[in-house]
Amino acid sequence: MSDNTVSQPADAHICPHQFAFILDNFIRKLVQRPAKILGEYLQEGYMAIDVGCGPGFFSIDMAKMVGPHGKVIAADLQPKMLARVAHKAIKHGVADRLTVHQCDTDRIGIEQQADFILAFYMVHETPSPRKFFEEMQSLLKPSGKLLVVEPRMHVKQAAFDIMVSDAQASGWQAIDFPKGKGGRAVVFVLKNAA
């Protein structure tokens, strides 16, 4: 069983909360529409996790998509990012189905299992993608899916291929490499559930 380690080295790049406006603005909504990117993976009543949610660009729409009987956990290391998500959840009327969760520097700390996990533009920020994928196994239901999207500007194809190999060596199976998700994308399921 994994120890859920997701610690960051001192020189790791994590987008600071002061730049949240870059991650959450109307221009990005025109280019990366959450409902279009995630719609095929979420259903009403689902339990979903947005890992490395930042200011909640996807979290709010995820909460709308899972409906009043679903639940979304928006997880991030930065309390000020999570405060933004909580405020937005109230503003958009989804606070009853969206929970914010502050990760420890060495552990995600979520005990629930999800039908769907999103890791958008964040795996490259982890000190060990393999360790990240190992810990994600305990967070996903056997029938669930993990969507990983990495930015083309920071993650070249060779690095993405290594990440996919690391994930597969950690017990995941890549079942799709969808286009139109806003970057290099892969959908994983647990190997023992495939």
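The values are calculated or read from the model by the stated rules, or taken from the named source; none is laboratory data. Because the structure is predicted, anything quoted here is derived from the model rather than measured. Ideal geometry is used to build each Cβ from the backbone, glycine not excepted, and the neighbour counts take in all protein chains shown.
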With respect to the numbered conditions (1) under 22 Å from GLY39 (Cβ atoms); (2) surrounded by 14 or more Cβ atoms within 10 Å (Cβ to Cβ), which one is the sole condition not fulfilled by PHE133?
-> (1)
Could you list, in sequence order, the residues of the stretch 138-181 that are farther than 17 Å from VAL51 by Cα and in a loop (DSSP other than H, G, I, E, B)?
-> ARG152, MET153, HIS154, VAL155, LYS156, SER170, GLY171, PHE177, PRO178, LYS179, GLY180
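For the stretch 119-176, how many residues are of a type in the set (Val, Ile, Thr) and within 15 Å of the chain's Cα centre (by Cα)?
Here is the first cut: in the stretch 119-176, the ones of a type in the set (Val, Ile, Thr) are 123, 126, 148-149, 155, 162, 164, 175.
If we keep only those that are within 15 Å of the chain's Cα centre (by Cα) too, we end up with 123, 126, 148-149.
The number of residues fulfilling the criteria is 4.
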Within the stretch 75-97, can you find the residues that are touching a residue at least 40 places away in the same chain (Cβ under 8 Å) and either part of a strand (DSSP E or B) or among the aromatic types (Phe, Trp, Tyr) (or both)?
-> none
Does VAL187 count as more than 23 Å from TYR46 (Cβ to Cβ), among the β-branched types (Val, Ile, Thr) and not in a helix (DSSP H, G or I)?
-> no
Check off (1) assigned to a loop (DSSP other than H, G, I, E, B); (2) under 21 Å from CYS103 (Cα atoms); (3) modelled with pLDDT of 95 or more for VAL72 and give me the number that stays unchecked.
-> (1)
Quick one: which of PHE116, PHE177, PHE160 is surrounded by 15 or more Cβ atoms within 10 Å (Cβ to Cβ) and without any contact (Cβ under 8 Å) to a residue 40 or more places away in the chain?
-> PHE160
